[in-house]
1. Take region 212-222 and flag every residue that is within 28 Å of residue 108 (Cα to Cα) and in contact with a Pro (Cβ under 9 Å, 6 or more places away or on another chain).
2. All but one of (1) at positive phi; (2) open to solvent by 10 Å² or more (accessible area, probe 1.4 Å); (3) in contact with a Pro (Cβ under 9 Å, 6 or more places away or on another chain); (4) among the small types (Gly, Ala, Ser) hold for residue 548; state the number of the condition that does not hold.
3. Can you tell me which residues in region 749-775 are among the charged types (D, E, K, R) and either open to solvent by less than 10 Å² (accessible area, probe 1.4 Å) or closer than 19 Å to residue 477 by Cα (or both)?
4. With the condition being away from the ligand (no atom under 16 Å from the Cβ), among the β-branched types (Val, Ile, Thr) and out of contact with any His (no Cβ under 8 Å at 6 or more places or on another chain), I'd like the strands (runs of 3 or more DSSP E) fully within region 50-139 carrying at least 3 qualifying residues.
5. If residue 576 meets every condition in (1) over 24 Å from the mean Cα position of the chain (by Cα); (2) more than 14 Å from residue 529 (Cα to Cα); (3) open to solvent by 30 Å² or more (accessible area, probe 1.4 Å) apart from one, which number is that one?
6. Consider region 777-819. How many of its residues are modelled with pLDDT of 95 or more, among the hydrophobic types (A, V, I, L, M, F, W, C) and open to solvent by less than 30 Å² (accessible area, probe 1.4 Å)?
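The values are calculated or read from the model by the stated rules, or taken from the named source; none is laboratory data. Owing to the predicted nature of the structure, the values given are computational and were not obtained by experimental measurement. Every residue, glycine among them, receives a Cβ derived from its backbone with ideal geometry; neighbour counts consider all protein chains shown. With ligands, DNA and RNA removed, areas are computed over all heavy atoms of the protein, side chains included. Shrake-Rupley method; radii C 1.70, N 1.55, O 1.52, S 1.80 Å.
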Amino acid sequence: MKHILLLASLVTLSLVSFAQSTTSSSTSLLTPEQFLGYKIGSRFTPHHRVLAYAEQVARQLPGRVKLIPYGTTYEGRQLMVIAVASEANLSRLEEIRTNNLKRIGLMEGTPTSTAQPPIAWLSYNVHGNEAVSSEAFMEVLHRLLNSTDAISQKIMNTTVVILDPGLNPDGHDRYVNWYNQMLGRNPNPTPNAREHNEPWPGGRYTHYLFDPNRDWAWQTQEITQQRMALYQQWMPQLHGDFHEMGVESPYYFAPSAKPYHEDITPYQRQFQQLIGQYCSRYFDRNGWLYYTRERFDLFYPSYGDTYPTYNGAIGMTYEQGGSGRAGLAILKADGDTLTLRQRIDHHYTASIATLESVADRPAEIVKEFGQFFDKSRNTPIGPYKSYLIKSNGDAGRLKALQQLLERNKISFGVAGKAQTVATGFNYTAQKTDKNVSIAADDIVISAYQPKSTLLKILFEQNSALEDSATYDITAWSLPYAFGLQTYGLTARIDPKPLSATSAPVNTVPAAYAYLIRWQSVPAVQTLAALLNQKIRVRAAEKPFELEGKTYASGTLIVARTGNERLGDRLGTVVAQAAAQAGAEVIPVQTGFVTSGSDFGSDFVSGLKAPRVGLVLGDGTPPPSAGEVWHFFDQELNYPVTLLDGSTLGTVEWNKLDVLILPTNYNYGRILNERTLTALKEWIRAGGKLIAMERAAAFLAGKEGFDLKEKSEKEDGKKEKKGNPVDSLKIYINRERAAISDDIPGSIYRVNVDTSHPLGFGLTGGYYTLVQNAFNFDFLKDGWNVGYLKGDNYVAGFSGRNAKEKLKNTLLMGVQEMGRGSIVYLADDPLFRGFWYNGKLLFSNAVFMVGN
Ligand SMILES: [Zn+2]
């Protein structure tokens, strides 16, 4: 312990002397300390003060520093990157940017000059409570502008540096404001002290409690959308993403752990090693502990290291021990005290070492980057040279997928003419079809384009996994997420430009009723808008045919009956709501159907505007609740009342129609006997409970709830075969052995009863992202709406035991209780806001079930 302390003080000394030399040599540029009035590391700096320092530096050195604001957060905070370069490079910054895009084919034209510096982009503080890196940013910025420091000079002479001081300012300030309130005159290093125990939800997440470092490809959050729009305009050659992890862990830098995605290039792999060499050189010199090649892998495409990698860059994660727990100082298990100053030193040093690795080989990096895109455009990877998405699917799904492609700068178009290709991999049937016919307006995505690697990875049916102990979900294939009929084609088809898509033109002649097909989110948004305006909406429980068209179960019917108060305005109101959502309205002149039930039938139910409550707070993984909140608030614009779990005992039940329970580890306390009894009374009186994931598991087996987990006995009749010696555990393999129960996120095809309201609109087949190997038995009296038969596995890693458990198991069920109902969802259909197909399923649970 003593020698560690001694080492720590030596390190501090060497850094102090280094910092002093920096200060004295850059004559007039204010240091962060001079500007802020306190030593960096002595307190946490709020986001606006971090930006204020950057603004001060830009005022002092306008020829070297350019501020590039790129948006605002949900809570109104400024988003900004800072470009730092030599005067020569900064004066032609726009030319450097456009030359880069032209070189890789993301902009028309040829580069105007061959002298192209690499662009290195460092992202700080994506997780808001990992607040150390925004402090490090200020020192990195100051150091880069030190005109007498040889390393800074080398970096500035060769490289354009882009620094993002805070990707998630709402989360950052949530943490910093809280921490500053907890702090006394001196920091208290005792781990139990209040200042080390951040309250729910913590600063890690976005305003809507999403994890912003799972969102790079999906771009569901406003901060991600704004940042990625800027990223696509720059397309850096290197991207470093700065994080923190548990207090006890030493520093982590590249090379990453396995699994590496198979499409990471040899050069990118080699550079992972190089970063390790550059960082370790400084860490060794200072005697700092670190590790590489463990825990942080390169697989899931929506991280700050993999996303840039699949976009041709060198992408890395850096992790410092600390995060929201460490505060200004915390005592570790080994007796040493970890201070904010030490944490800053590590991120600062890794930042400079990384930039140095670029500065030592600028031409090579630019050349390799260019070649990555040459290959993408001319000899793309993967078995498919084009992807075909049938246009006969739902327009809402198609549009949502197109938006995702556009945000990632993946180009697409239409086939242009009807044709047939010999073979194509049918994602839905999971087999190769012969003679695939293509309609003129089908969507075609060619693999011969700059973003080919990203395209291949987002569409691959199953990603090759070299090692299954990954940190995240292992399957994300977009055709399944969107539920669109898709083919992978070995033939190259060059798409024709898409004609400007006009929003559905909703003509609104006076009609007997207006119909909206229940197929995807635009229909739900229309319903939400109509219910918000107190319009009476009905839903057809059975398919019907009318005026020569067929309509599936769930079709919305807005009739004049019940909406008399609107008179002739009804059509306009419906059309406006639908147009805003992008849904089509079909006016009909009669309710007398050719087949099915007439609009006045009992099989056409009136939909009430439910008063919805969502339980969150302590014990809930914040994203589990945040996804629901975000869906109601941002996507549907429909009111939801957020209820803290601790207040559920005093809730006014008669003010709620629907109660949503996401996963929460405290249900044992929240739903005590008294509250559970009140909850059941409320359901019997007509309430609807939606129990998701661990909430469903919590209720399983409780009195009155029909859901049961299969007993192990019933489940495992498997006999151990072979020599028992073969199955003895090997200690070094313990991590591997543990994952046989794991299912970190895999795709399964669900058998759905689409005649049940919970299955409405899911006629094209439903794929779910399974993350829980719950083993729910079929409901004896209730409705088994979604379930897995023998083997519905499609893609991703499923541990041996987990796979076994997922045979003949219930995923989505409805139990009727008195006049109310309970919807059980074993998986989270709103997971990370990107599983598009799940949004309709979830909406069914809220609006359709139990009417
Ligand atoms: Zn992090």
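1. 216, 217
2. Exception for residue 548: condition (3).
3. Selection gives 749 alone.
4. Where strands (runs of 3 or more DSSP E) fall fully within region 50-139 and carry at least 3 residues being away from the ligand (no atom under 16 Å from the Cβ), among the β-branched types (Val, Ile, Thr) and out of contact with any His (no Cβ under 8 Å at 6 or more places or on another chain), they are 65-72, 78-84.
5. Of the numbered conditions (1) over 24 Å from the mean Cα position of the chain (by Cα); (2) more than 14 Å from residue 529 (Cα to Cα); (3) open to solvent by 30 Å² or more (accessible area, probe 1.4 Å), the odd one out for residue 576 is (2).
6. Within region 777-819, residues that are modelled with pLDDT of 95 or more, among the hydrophobic types (A, V, I, L, M, F, W, C) and open to solvent by less than 30 Å² (accessible area, probe 1.4 Å) number 7.
Let's see how each residue does on (1) buried (at least 16 other Cβ atoms within 10 Å of the Cβ); (2) closer than 30 Å to residue 806 by Cβ; (3) out of contact with any Pro (no Cβ under 9 Å at 6 or more places or on another chain); (4) of a type in the set (Lys, Arg):
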site	(1), (2), (3), (4)
637	no, no, yes, no
641	no, no, yes, no
653	no, no, yes, no
672	no, no, yes, no
675	yes, no, yes, no
694	yes, yes, no, yes
710	yes, yes, yes, yes
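To keep it simple, each residue is scored yes or no on (1) at pLDDT 95 or above; (2) open to solvent by less than 30 Å² (accessible area, probe 1.4 Å).
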position	(1), (2)
1	no, no
11	no, yes
14	no, no
19	no, no
24	no, no
35	yes, no
43	yes, no
